[in-house]
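Just below is one structure, and these are the notes that go with it.
The values are calculated or read from the model by the stated rules, or taken from the named source; none is laboratory data. Source: prediction; values computed, not measured. When we count neighbours, we look across all protein chains shown, and the Cβ atoms used for this are built from the backbone with ideal geometry, even at glycine.
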Amino acid sequence: MKFLVTLERDEGGFIVVECPALPGCLSQGRTEAEALANIREAIEASLETRRQKGIPTQIEVAEVEIKASAS
């Protein structure tokens, strides 16, 4: 499975990474590589918890086009 994640540097210099497809699934790291390794673990744990609780693990992906606003 592949998941889209977002990375953003916080005020303390850490990279915060979040998986929007799995609400509440986020992590951080001092480097991008560390943050990505940590979110991989968080995603695996989230999917396992969802399986155990009977929550669907199938994630549907769709593209949505947004018109650019005139500036």
Of all residues in the stretch 1-23 being assigned to a strand (DSSP E or B) and free of Cβ contacts under 8 Å to residues at least 24 places away in the same chain, which is farthest from LEU47 (Cα to Cα)?
ARG9
Among the residues of the stretch 1-41, count how many are of a type outside the set (A, V, I, L, M) and closer than 26 Å to PRO56 by Cβ.
13
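May I ask you to verify whether LEU26 is under 14 Å from the mean Cα position of the chain (by Cα), surrounded by 14 or more Cβ atoms within 10 Å (Cβ to Cβ) and at pLDDT below 95? Quick ask: steps written out before the conclusion?
Values: under 14 Å from the mean Cα position of the chain (by Cα): yes; surrounded by 14 or more Cβ atoms within 10 Å (Cβ to Cβ): yes; at pLDDT below 95: no.
In short, no.
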Could you tell me which numbered condition THR57 fails, if it satisfies all but one of (1) loosely packed, with under 11 Cβ neighbours inside 10 Å; (2) at pLDDT below 90?
(1)
Quick check: is even one residue across the stretch 34-51 assigned to a loop (DSSP other than H, G, I, E, B), of a type outside the set (Ser, Thr, Tyr) and either in contact with a strand residue (DSSP E or B) (Cβ under 7 Å, 6 or more places away or on another chain) or touching a residue at least 40 places away in the same chain (Cβ under 8 Å) (or both)?
no
